[in-house]
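Novice: Here you go, one structure.
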Amino acid sequence: MAADDPCSILCFSSAGFHRLWCAWPALRAGSSLESLREEAEGEQTRTSTMKTVLTRKEDVDRRWYHIDASDAVLGKLAVKVARLLMGKDKTIWTPGVDVGDFVVVTQADRVKVTGRKETGKVYRRYTGYAGGLREASLGELREKKPEKVIELAVRRMLPKTRLGRAMLRRLKIYAGAEHEHAAQKPQTIQLASTQK
């Protein structure tokens, strides 16, 4: 093609034919080829700077967070913990990559629930044998295993896949105020109080 041919100027991108079709009336009206070339090059540099970056698991920087669950509402606490475990608050979040952080929850026995959930909310599980249905109210489960209440609430907010199970392994829950992860220097997060 000749250097002054409009096809050689405008057809170097995927939408080149469309640009040529749109630029043809301007060429017939007397626009210079140089002005069209500069416009096309400027448009190409604008589109070539856009990149889609997918995070790899090697690039993830995991942090440690500590949340005190005393007087926190169970659902609001579980939402915050699940978002930290999934890494949804990070700018590098990618759906198929585990980019979440470690979360330490203390004082799980002092978590609150609203309404009549203390007696009305029932946790059911099956042993696998005939007639093996086991039921426990939230109050009963809190007396036996207070950590299990928060674990079940968070687990049901995570993906039901291998990725979700890997996220749940980074959750550490303790019934008391003490935990054994002081060496990791977790950053303390205060939950917003909903009481007035």
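The values are calculated or read from the model by the stated rules, or taken from the named source; none is laboratory data. In this text, all values refer to a predicted model and were calculated from it rather than measured experimentally. Every residue, glycine among them, receives a Cβ derived from its backbone with ideal geometry; neighbour counts consider all protein chains shown.
Novice: Take LEU133 and tell me if it is more than 27 Å from the chain's Cα centre (by Cα), without any contact (Cβ under 8 Å) to a residue 40 or more places away in the chain and crowded, with 16+ Cβ neighbours inside 10 Å.
Specialist: Here the answer is no, as LEU133 does not meet what is asked.
Novice: Within region 75-91, how many residues are touching a residue at least 60 places away in the same chain (Cβ under 8 Å) and charged (D, E, K, R)?
Specialist: Selection size over region 75-91: 2.
Novice: Look through ARG155, ARG165, ARG125, ARG170 and report the one residue that is free of Cβ contacts under 8 Å to residues at least 12 places away in the same chain, surrounded by 10 or more Cβ atoms within 10 Å (Cβ to Cβ) and closer than 25 Å to THR94 by Cβ.
Specialist: That would be ARG165, the only listed residue that is free of Cβ contacts under 8 Å to residues at least 12 places away in the same chain, surrounded by 10 or more Cβ atoms within 10 Å (Cβ to Cβ) and closer than 25 Å to THR94 by Cβ.
Novice: Another question about this same structure. Identify the single condition in (1) out of contact with any Asp or Glu (no Cβ under 6 Å at 6 or more places or on another chain); (2) in contact (Cβ under 8 Å) with a residue 60 or more places away in the chain that THR94 does not satisfy, given that it satisfies every other one.
Specialist: (2)
Novice: Can you pull out the residues in region 84-133 that are closer than 29 Å to GLN190 by Cβ and part of a strand (DSSP E or B)?
Specialist: Within region 84-133, PHE102, VAL103, VAL104, VAL105, THR106, LYS112, TYR123 qualify.
Novice: Turning to a different aspect of this structure: Condition check: assigned by TED's automatic domain parsing to the domain that holds GLU118, farther than 19 Å from ASP98 by Cβ and assigned to a strand (DSSP E or B). Does ALA136 satisfy that?
Specialist: It is true that ALA136 is assigned by TED's automatic domain parsing to the domain that holds GLU118, farther than 19 Å from ASP98 by Cβ and assigned to a strand (DSSP E or B).
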